[in-house]
1. Which percent of the accessible heavy-atom area of the stretch 43-93 goes to carbon and sulfur, probe 1.4 angstrom?
2. Based only on the alpha carbon positions, what is the Kirkwood hydrodynamic radius of the stretch 1-102, in angstrom?
3. Can you give me the distance in nm between label points at GLU1 and TYR72, each placed 7 Å from the Cα along the Cα-to-Cβ direction?
4. How many angstrom lie between the Cα centre of the stretch 1-65 and the Cα centre of the stretch 74-88?
5. Taking the mean number of other Cβ atoms within 10 Å as a proxy for protection, how do you rank 38-45, 4-11, 53-60 from highest to lowest?
6. What are the ³J(HN,Hα) values, in whole Hz, obtained from phi via the Karplus relation 6.51 cos²θ - 1.76 cosθ + 1.60 with θ = phi - 60°, for each residue of the stretch 61-73 in sequence order, with x given for Gly and Pro?
Amino acid sequence: EPGALVGAAISPGVASGRVRVCTCSTDPIAPGEVLVAIVTDPAWTPMFAGASAVVLQIGGALQHGALCAREYGKPAVSGIDVMASLKTGMQVTVDGNTGIVRIDESLRRSFSRRLSDRDLQGVEA
């Protein structure tokens, strides 16, 4: 389905919000944004409190990000090529029950005008 990214469900629930791609534990994240990262470690823990959901590239059910997401009650999905598929500001819905991250159709079109085909590779999964 267009705009659907399929990964592994690592924390149950469903939430929507704007993507915030973070590359270190000191990156700013606004309340309600979806925390998107390659991987997390204990220094990232405070970032989970205000996030609406979590999307990770690396990690399984016992990885730090999954444990924190479950502890904070945040839906989470892992196994998504986050740097290639998601950009800060995109509106997404994270389904931690099924492992699917859906990119809002209207925003996907808007971002596709500004990004190359390579940047959007995998978004049409």
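1. Details: 1130 of 1840 Å².
Solvent-exposed carbon and sulfur of the stretch 43-93 make up 61 percent of the total.
2. Taking every pair of different Cα atoms in the stretch 1-102, averaging 1/r and inverting gives 12.6 Å.
3. So the label points at GLU1 and TYR72 sit 2.6 nm apart.
4. First find each Cα centre; the distance between them is then 7 Å.
5. 53-60, 4-11, 38-45
6. Values, residue by residue: 5, 9, 6, 3, x, 5, 4, 5, 4, 5, 4, 8, x Hz.
The values are calculated or read from the model by the stated rules, or taken from the named source; none is laboratory data. Bear in mind that the values here come from a model prediction, so they are computed numbers and not experimental data. Virtual Cβ from ideal backbone geometry, glycine too; neighbours counted across all protein chains shown. Heavy atoms of the whole protein, side chains included, go into the accessibility calculation; ligands, DNA and RNA do not. Shrake-Rupley method; radii C 1.70, N 1.55, O 1.52, S 1.80 Å.
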